[in-house]
Each structure stands twice: as C-alpha cells, then as structure tokens.
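Before any comments, here is the structure.
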Amino acid sequence: MQDKTIEAAAPGTGQALRYKVAGMDCPSCVGKIETALRRLPGTSGVGLNHHSQILRLSLDEAATPRATVEATIRGLGFGVEPADTIHIADGDGVVTDAASGTEPRWWQTGRGRITILIALLVGGGYLLSLLAPAVSEVALMPAALFGLAVFGRRAVRLARSGSPFSIEMLMSVATLGALVIGEAEEAAVVVLLFAIGELLEGVAAGTARSGIRALSALVPRTALLIEGENARAVPVERLEVGQLVLVRPGDRVSADGVVEEGESDIDESPVTGESVPVAKTVGSPVFAGGINATGVLRVRVTRKASDNTIARIVQLVEEAQAAKSPTARWIERFSARYTPAVIAVSVLTVLVPPLAFGGDWHTWIYRGLALLLIGCPCALVLSTPAAIASGIAAGARRGLLIKGGAALEAIGKVRTIAFDKTGTLTLGQPRVTDIVPLDGNERTLLGLAATVENGSAHPLARAILERAAADGVPLRPARDRKAVPGRAVQAVVGGRLIEVGSPRHAVERGGAGSLPADTIAAFEEEGKTVAVVLADGRPVGLLALRDEPRPDAAQGIAALRGLGVRSVMLTGDNRRTGQAVARTLGLAVEAELLPEDKLRAIAGLKGQGTVAMIGDGINDGPALAAADVGIAMGGGTDVALETADAALLGNRVEGVADLVTLSRATLANIHQNVAFALGLKAVFLVTTLFGITDLWLAILADTGATILVTLNALRLLRRKGASPAPAL
C-alpha cells in the first residue's frame, strides 16, 4: 500500500503528517519518540505504531518546522522519512525499502556495524592484555569509551526530550561509574553486551514485522490485463475497477474480483486460512493472492491493489497490534513506577552501607551500578505487546482476524458463546422444499411471495426468489414494500396487502385456527423453516425452507465443549426448527427471538461470565455489539472485516475453537513472559545485593530477558492449528 505524506487535517490542528520510522526494536522506543515530539510546540495527535513503524501527527509549522521534527527523531537514534518515500535511512545509517517492507541483513545496519566495532575493540583489548600484561588495565578502555560515547550521546538526547530513565541512561551511568572505580574490563563487556542485545532485539522485531508483511508478498506484482483478444502484463497497482484480468492455472490471482468466465479451484488459504481449494464458477468472488489450481479464469476487478482484501487485512492487523490490551496498559503503569523505584534502591545501595555501617565504597558503588542495569523494564514492557502482536499475526495467517489486544485477551476468557443460526451455524443457503397453497395454486402462491421478497438480502428471501426464477414464475408489480423486523415483509400487490412472515405473526394477524397446525409442526420437526403468505391478513399458503448446517458445525461445537466453553444458539426461527438444528449440532437453543430479545438473552448470559456472540456481521450488529466479544462470520466481506471485534474469514465454525485456543495460548505466553521478566530481575536484585552478580551479568539479565521474551512470543507464529488449551 502506498502511504501519502500529507493528509487532510482537522481544522485548527495543523497539517497532518505521516512518517516511516526505522530502528525501533521494542515498544519503549515508541514512548521515547512520542514523548519527545509532544514536547515540541505546535504538535498534536502524535501516534506511532511500533509494528507498522508509521508515525502520525498534526503539526503547526509556524511553531515548529517539519525539519525540526525529523531532526528530533534522528537525534534519538532512529531513522525517519515521509511514509511514501521508498528508501529509509535509520539513525545509524541503515537503508530500508519502505514500499516492499524488506529489511537489510544485521551486519549492514548501523547497529550491526557499531556492535562489530565494539566487539573488535574488546577482542583487541583482550589480545593486547595477553601480549602486554603491563597495559592490561587500560587495554579495554577504548571499547568502553567508544560505547559510552555512542550510547551516552543518545541518553543525553533522550533525557533532554523527556525520557530521563531510559536504558541508555542507566547503561551509560553504569559504564561511566565502572570506569571511575577502575573496572574498565567490566565497562567494556557491559557496552558490548548492550550493543549485542540491541542488535538481537532489532532482528527479533524485524522477524515479528515480517510475519504479517509476508501476506502482502503473496499478491503478484504483475497482472495479465485483457485488452480485446490479447492479454499484456501490467503492474497490479495500475489495475482499475471494472477491468478484466486473465488468471492461468498455477498463477496467483492478481486482484480482488468476480469470475466473468471459466471454472477452476482456487486455494484461498492466504486470506481465509482454509487450505482446501474452493470451486469457482461464473459470478464467484476471488481474492488477490489465491492460487489458481486448474482452469483458466477471466476475472472482473472489483478492488484496486491498495484496497484488496489482503491489503486491508494487513492494515487492520497492524492497527490491531498497535491497540494496547488491558494487561499491556497495566504493565506500562507498573513499569513507570518500577524503574524510578529501582534507581532509588541503587542509590541507597551505594550510600547506606558505607555511611551507616562503614562498608567499602568500591564494593557498594559496584553493586549499585549493577542494580541500575537490572532496573530497566524493557523485558517487562515488551512481554505483553510482543505476545499480542504475534498472536494477532498468527491468527491472520489462518483466517482469524482479531481487531486488537483487548479482543484477543477477552476471547480466551469466554465462558459462553452465542451463535446466530442462519449463515453462521448453517450455510446460509436455504432452499424451498415444500409449497402448500391454502387458496389457489403453487405458482400463484410462489409468485406472491417472490414479489414481496424482491429486493431483500435475507437468505430466506433469496431462496424464494431463486425458486421462483427456477420455476419460471414472473414477478408482479408491487408498491409500499416494507419490513416488520423479526415478523414479516409486506407489500401491496394487485390491490391486496400481501405479507410473508412467521407462523407466530400469522397467528397474531388471523388467529391460531386459520393455520394448518399439524402441517406446520411436521415441517418444523424436520428442521424446516415455515413462511406463511397472507393476503389482507388471511393465510393463503405455506412455504417450507431448509438451511443445512455447515459441514464442520458439529465438530466446532464439540471442540468448544472440549475447551470448557458452553454454546447456545440464538435464533428468530420457530422453536421446533431451532431445536431440530440444535439436536443435530449438540448445543442449547433459545428460539423465536426478535432482535430486542437477542439483546436481552446476551445480557442474561453476561451475568454468568464473559460472552462472545457469533453472527454473520450483517443483521446481528446489536447483539455483536452487546456481547463482551463480537465475532463476525464472513469470508472476507467488508462487514466481516470492519465490524465486530474479530472475524472468521474462512466461514468455519471450527475457527471459533481456533480463536479461543489461540487466545489462551497468547495469554499463557504473556503470563510466561511477565513471570520470566519479573522473576529474573528479582533473582538478580538479590544476587547483586549479596555481591554475586557482576556488571556484565546484570546487563545480560536485562538484554537477555528481553531477547528471550521476544523469542517466546514469536513461538506463537509457528502455531499451526487448534489444540486443547486449559480454561483460564
């Protein structure tokens, strides 16, 4: 996707700018940059996404020139260029391709070169110590001084910009202190380990980012544009809506579109997570990035490259990764107090033993410096966002689109999941199975029903219209069409008010004696939905329709049961039909619910614990919003991508169990990370106070913990599918 540098800004807020920032390796980098920019006059709306690396802000250039903003970011050690610029140089001279998202090798980066130089200085110092023992005390001083110059300069800039308690400051003070007390070797090892830690954190962060960027690479760069009888290769960015493209067997689909000609099977796993190829015929939708398996297709483009399904998924996932979860917010508040507290402890460690108990100043200064290094909360701050980002990216790879950390956390805590029936537990493709006229013949009855339903998007309406078209029944003129939610649709046809509604609505209009109750009961016992056609309030016939359950619905409900999650179906259908479907799938049911009844049902379930609602994302909006977590069932549609808290792009009921399992795995990963980060620091605090921990072990405790926390979070990207996970 191409980003524009300048966007329209709200009146009075300045000019809206977008920048690409390079060189960030953990969420604390975001805080450093945002804090510095908010201190500049004329800036507002500052927001930086660690994963997409996009910075947004509004700037009054009369107060602060744009060049000052860019210089401030570079001064903190990060690279910055307008978001639509192809090449980005970070604060240490690394160049990144912003358009493709590719990143250089670690040894090509500025941080990599600094790390190599420090390592050479340390190695040379040790070699000099062996060859000339007389200068061993100063042999490693060049390495320490070089590292102090690099990181100390950055620390001073961060302090001036509002971040005095940065890891750079803590490390620089510790290094300088070690040099003052004659521990040049310790100081050199500290700067080397810190440089290695920063480098590895950057590599791990790049791996996490590439996990979701890999989706974009699935879309081919060129398309075969059909012009007359010929096809020529053009960049996909030049495709316009309405053009025809050729997709040959073995090719990837170049754009979102609709099949205009041909038949084939397409592997849509990049979008839906469903690896089984999907049969495509004329009129079938296709997604960019899908692999055409067999036949030749002509596809009519429906979306430009910058707006195709994969591009929107990538954008939504990056936005979701930037949204902080409740756990992440709590940890940020905790760490804001934790670091100053540790600094206070380290100062007391330096002063109290020598002044109060006559302790050795060298010994306690050394231990206080080690505590400073342990005090950095990098691993703790990174523990939650790293796991959340990996969990969201892992879900996107499998067709599970999660719209933020809060939703991902909540899904794992769900105790009850409420399902809509039509289009969610069932295929959403009902068929008319029986036509029972009570007055007149079948064609007349079907024609009246189809005329009233014409224009409706409801699955039952589509089924009636399809049956009328198949039987060659013409539609008649109608006026004053309207819907009575949850009850009926109506229109005036031939001077009569024709209604198509539920048996309950028919009873309310004409009384129970006006309907063949036995016939209706028999249909409903077979799991069929009965629609009653009324003319001026009098029943004139019945239509029976059946919508088959999804092939994986029973397995999906069973998988949820195995996870300790209760499932209940909420449907506006009649009680007998609802119970018939529920028996087949093995879940509870509440039937004959109007939209407001579904809201009351959700409220009642929420009283028993966290509740998720699964709907088709079209007519279940209120219930999806009322639940703790709303999950849309929809294969890549706009509604599925833009409503609710999560979406199952593969239309698989088993995907709900995958969501719960992924969420629980992510929560477990967060707990592991937090326990490891805090536990390791607690151990090193104690060992440092007792003089067991050296300075180099202290810095290793911080950078090592940060790297291990990141690597642990990246394990989520390797998850292949659902597996039993304990209830939380």
task: Take the range 610-624 and flag every residue that is modelled with pLDDT of 90 or more and of a type in the set (Gly, Ala, Ser).
output: Ala612
Options Ala682, Ala644: the member that is of a type in the set (Gly, Ala, Ser), farther than 21 Å from Leu717 by Cβ and under 15 Å from the mean Cα position of the chain (by Cα): Ala644
task: Six or more apart or on different chains, Cβ under 8 Å: which pairs go from a residue in the range 380-396 that's touching a residue at least 24 places away in the same chain (Cβ under 8 Å) to one that's of a type in the set (Phe, Trp, Tyr)? Could you list them?
output: Leu380/Phe334; Leu380/Tyr338; Ser383/Phe676
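Here's the yes/no breakdown for (1) of a type in the set (Ser, Thr, Tyr); (2) in a loop (DSSP other than H, G, I, E, B); (3) open to solvent by 80 Å² or more (accessible area, probe 1.4 Å); (4) modelled with pLDDT of 90 or more:
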residue	(1), (2), (3), (4)
Arg467	no, no, no, yes
Pro474	no, yes, yes, yes
Pro477	no, yes, yes, yes
Ala483	no, no, no, no
Gly486	no, yes, no, no
Ala491	no, no, no, yes
Leu497	no, no, no, yes
- prompt: If you check Leu708, Leu689, which single one turns out to be open to solvent by 60 Å² or more (accessible area, probe 1.4 Å), touching a residue at least 12 places away in the same chain (Cβ under 8 Å) and over 24 Å from Leu199 (Cβ atoms)?
  reply: Leu689
query: Just for strands (runs of 3 or more DSSP E) wholly inside the range 536-596: which have at least 2 residues that are surrounded by 21 or more Cβ atoms within 10 Å (Cβ to Cβ)?
result: 538-546, 566-570
- request: May I ask you to say which residue of Ala657, Ala677, Ala713, Ala668 is under 14 Å from Ile392 (Cα atoms), modelled with pLDDT of 80 or more and assigned to a helix (DSSP H, G or I)?
  value: Ala713
field: Every pair of residues 6+ apart whose Cβ atoms lie under 7 Å, when the first sits in the range 511-538 and is assigned by the TED database to the domain that holds Arg496 and under 19 Å from Val500 (Cβ atoms) while the second is open to solvent by 50 Å² or more (accessible area, probe 1.4 Å) and of a type in the set (S, T, N, Q)
entry: Lys528/Thr433
task: Take the range 388-420 and flag every residue that is modelled with pLDDT under 90, open to solvent by less than 10 Å² (accessible area, probe 1.4 Å) and out of contact with any Leu (no Cβ under 8 Å at 6 or more places or on another chain).
output: Ala389, Gly404, Gly405
query: Across the range 109-148, which residue is farthest from Ile181 (Cα to Cα) among those that are touching a Gly at 6+ places or on another chain (Cβ under 9 Å) and polar (S, T, N, Q)?
result: Thr109
task: State all residues of the range 345-363 that are open to solvent by 50 Å² or more (accessible area, probe 1.4 Å) and not β-branched (Val, Ile, Thr); if no residue qualifies, say none.
output: Leu348, Leu351, Leu355, Ala356, Phe357, Gly358, Asp360, Trp361, His362
- prompt: Taking strands (runs of 3 or more DSSP E) that fall entirely within the range 220-290, which contain at least 3 residues that are open to solvent by 30 Å² or more (accessible area, probe 1.4 Å) and at pLDDT 90 or above?
  reply: 222-227, 230-235, 257-261
message: With the requirement that a residue be surrounded by fewer than 21 Cβ atoms within 10 Å (Cβ to Cβ) and of a type outside the set (Gly, Ala, Ser), what does the range 499-535 give you?
response: Arg504, His505, Val507, Glu508, Arg509, Leu515, Pro516, Asp518, Thr519, Ile520, Glu525, Glu526
statement: Flagged in the range 335-379 as over 44 Å from the mean Cα position of the chain (by Cα) and in contact (Cβ under 8 Å) with a residue 40 or more places away in the chain, in numbering order, are Thr349, His362, Thr363, Ile365, Tyr366
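The values are calculated or read from the model by the stated rules, or taken from the named source; none is laboratory data. This is a predicted model, so every value here is computed, not measured. Glycine gets a Cβ as well: all are built from the backbone with ideal geometry, and neighbour counts include every protein chain shown. Areas reflect the complete protein model, heavy atoms only, side chains present, ligands, DNA and RNA absent. Shrake-Rupley method; radii C 1.70, N 1.55, O 1.52, S 1.80 Å.
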